[in-house]
Amino acid sequence: MKMLTICFCSFLLMSPLLQSCNSADHPSPVVEKNTALDLESINFTESVPALYSTHIEVEDGVRYDSARDGQLTDSMLRYRISNTMTDAMKLTVPQQDFGYLFRSPLMDKPARFQNIYFQKLSTLTDKNKLPVAYYAEAEFQDAKERKQLIEAFKKKYGPPVYSFFISAEFNQCSYEWQLKDRTIQIETSNGISVTFGGNDTAAKQSKYYSLDMLIINNKFKSAIHDAHIYEFPDKIMYNGKLHSYKDFQFEKKQVFRDRFLLNSTNDGYVRDEFGQFDINRAAEDE
């Protein structure tokens, strides 16, 4: 019987496995096939092209296929921040080439951090294809398991520098730790998956609990933040007419967010004048 599963969540979560190999110039923590990349021991000298040599996506949810896509080129991997607004206004963000984005396809356990096993891994690199940030995504069926893993993380690294209650929708929360050489952010949220069965079988709903981890090399933290800023000219072309950026209620320097931008760069979260982002407002996981 064929099954179709649809997941509803505030974050796009998929699951991959990537095969890893070693590089003499930039040794990887992963040296054996099908071994999860140990994100706790990375040193930002990993050979990223080698990590993604077997399985890679050309865009979210689309696995690279040489027969369909032709030769895999740098232009396919170039880091671009894309959303409805940038697409509609044909904006190139970052404005200056930053580097490359490597994404794994839907498979199994590409990476781990302590006892947290992730199902998807994305890696942001500089122009030399050396990693500057990792973004890993995990999904759990048991809220208690996720909570225990976070508590173990806190026990080792101490209380987070920042804790935000992002939204009541899907109970989105964010925690940030600033270590000597890296910054680690953990985001949590809940989601509902709906499974449709054939032969008139009733659809089944189930709740899942996501945990996304962002690890940034502190040497590149400012550069990554700046890459998310688009500075508008005084006049911009839209629908064949010149407009002031103010017509769209943009700032002169507009920040376009994606998964590689820390939540602590959002002044609204940090100032929190009315307490709406206070982590104590988050619902207790059942």
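Below, the figures for the structure above:
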quantity	calculated
Residue check for residue 144: under 17 Å from the mean Cα position of the chain (by Cα) and over 17 Å from residue 64 (Cα atoms)	no
Scan of the range 131-168 for residues that are among the hydroxyl-bearing types (Ser, Thr, Tyr) and touching a residue at least 40 places away in the same chain (Cβ under 8 Å), ordered by number	134, 135, 162, 163, 167
Residue that is least open to solvent (accessible area, probe 1.4 Å) [pool: residues in the range 221-256 that are in a strand (DSSP E or B) and aliphatic (A, V, I, L, M)]	236
Some residue of the range 177-188 being assigned to a strand (DSSP E or B), closer than 25 Å to residue 37 by Cα and basic (Lys, Arg)	yes
Where a residue in the range 261-286 is open to solvent by 100 Å² or more (accessible area, probe 1.4 Å) and its partner, wherever it lies, is assigned to a loop (DSSP other than H, G, I, E, B), with Cβ under 9 Å and at least six apart	281/168; 281/275
Residue in the range 155-182 that is surrounded by the most Cβ atoms within 10 Å (Cβ to Cβ), counting only those that are among the aromatic types (Phe, Trp, Tyr) and farther than 18 Å from residue 284 by Cα	177
Per-region count, the range 187-220, residues open to solvent by 50 Å² or more (accessible area, probe 1.4 Å) and over 30 Å from residue 166 (Cα atoms)	6
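The values are calculated or read from the model by the stated rules, or taken from the named source; none is laboratory data. Since we're looking at a predicted model, the values are computed, not measured. Positions of Cβ are backbone-derived with ideal geometry, glycine not excepted, and every protein chain shown enters the neighbour counts. Side chains are part of the model used for accessible areas, which takes the heavy atoms of the whole protein and leaves out ligands, DNA and RNA. Shrake-Rupley method; radii C 1.70, N 1.55, O 1.52, S 1.80 Å.
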